[in-house]
1. For region 36-98, what does the alpha-carbon gyration tensor say about shape, rounded, prolate or oblate, given a ≥ b ≥ c as the root eigenvalues, a/c under 1.5 as rounded, and a/b over b/c as prolate?
2. How many nm separate the modelled label positions at Thr140 and Arg201, each set 7 Å beyond the Cα in the direction of the Cβ?
3. Enter the accessible area of Tyr172 (Å², nearest 10), with the probe set to 1.4 Å and all protein chains included.
4. Quick one: grab the alpha carbon gyration tensor of region 137-177, order the square roots of its eigenvalues as a ≥ b ≥ c, and give me rounded if a/c is under 1.5, else prolate or oblate depending on whether a/b is larger than b/c.
5. Where the Cα atoms of region 128-204 are projected onto their three principal axes, how long is each span, largest first, in whole Å?
6. Compare Lys12, Lys43, Lys188, Lys204 by solvent-accessible area with a 1.4 Å probe and give them largest first, with all protein chains kept in place.
7. Out of Phe62, Gly80, Asn50, whose Cα points farthest toward the positive end of the dipole of region 49-94 (charges: +1 Lys, Arg; -1 Asp, Glu; placed on Cβ)?
8. With every protein chain left in place and a probe of 1.4 Å, what is the accessible surface of Glu189, to the nearest 10 Å²?
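The values are calculated or read from the model by the stated rules, or taken from the named source; none is laboratory data. Fair warning: this is a prediction, and the values are worked out from it, not measured in the lab. Virtual Cβ from ideal backbone geometry, glycine too; neighbours counted across all protein chains shown. Note: accessible area is taken over every heavy atom of the protein model, side chains too, but ligands, DNA and RNA are not part of it. Shrake-Rupley method; radii C 1.70, N 1.55, O 1.52, S 1.80 Å.
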Amino acid sequence: YGDILIQKKEWKQVEAIRQQTSRFAKRIGSLVAKAHVQLLEAKFQNARQNKPAARKAFEEVFQIGKTLNSHDLIIQAGMGLVEVLISLNHISQAQETLQEILEEARTKKLMPTVIDGQIAAALLLAVNKEFKKALELDPTHLEAQIAITELQTQEKTFHREAKEGHYKLLRYDQFRVASYRALFNLLKEEGHDDQAMRCYRALKVLGASD
C-alpha cells in the first residue's frame, strides 16, 4: 500500500504509514519489521529525490537482507541502491552492488527456488536501463560504458549490445585486453570464427592469449 501512495505522491498518507510502521517495528523489536520500515523510508526518500538519505536506507536494508538471507529484501533494496548510486554517478559502486546481487542469485545463497537465468536476466534488464540513462546524459561517460558492457556480456539476451559496447571501448583504448577476450568468446560462440581469430591474434600480440 505504501508503494502505491509513493507512486501517487500522497505524501501526508505516506508519512502517516511511516510513523505507524516505525512504532510497530520498535514495539515488536523484529529485524524483519525494521527492514521493511527502512525499505519504505528508502523508497520515500528516493521519490522525494533525497538521494543520500535513500542510499543510506537502501544500504541498511540490503545488509539486513544478507544477514537474514532474505531474497526479497536483497533484491528490492539492492536494485533500489543500484538505481540511486547510478543517479549519484557512483557507477563502479553500482556495478559492484549488482554483481553482488547476481552472485547471490547464481550461487543460490538466497533461496533454493531461485532460477538463475531468469533472475539474472531480469536484474540485468532493469539495470541496463539505468546505465543507459547515464550514457544518454553523457555519451562519453567511459565508466558507465564499461559497466554496462561488462554486464551485457554476462547475459545472452544482450550479447549484440555487448559486442557493440566492446568495439566502442576499443575505440577508446585499442589495447583493452578485457574487450578482446570478451569479443573472442562472443564471436566464437556465434560461429564467427574468422572475426574471433582476429581478436585472438590481438590478444597474442598483447601477450594475453592464455
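1. oblate
2. 3.3
3. For Tyr172, the solvent-accessible surface is approximately 110 Å².
4. oblate
5. Cα spread of region 128-204 along its principal axes, largest to smallest: 36, 26, 13 Å.
6. Ranked from most to least accessible, the order is Lys12, Lys204, Lys188, Lys43.
7. Projecting each Cα onto the dipole axis, the largest value belongs to Asn50.
8. Answer for Glu189: close to 120 Å² accessible.
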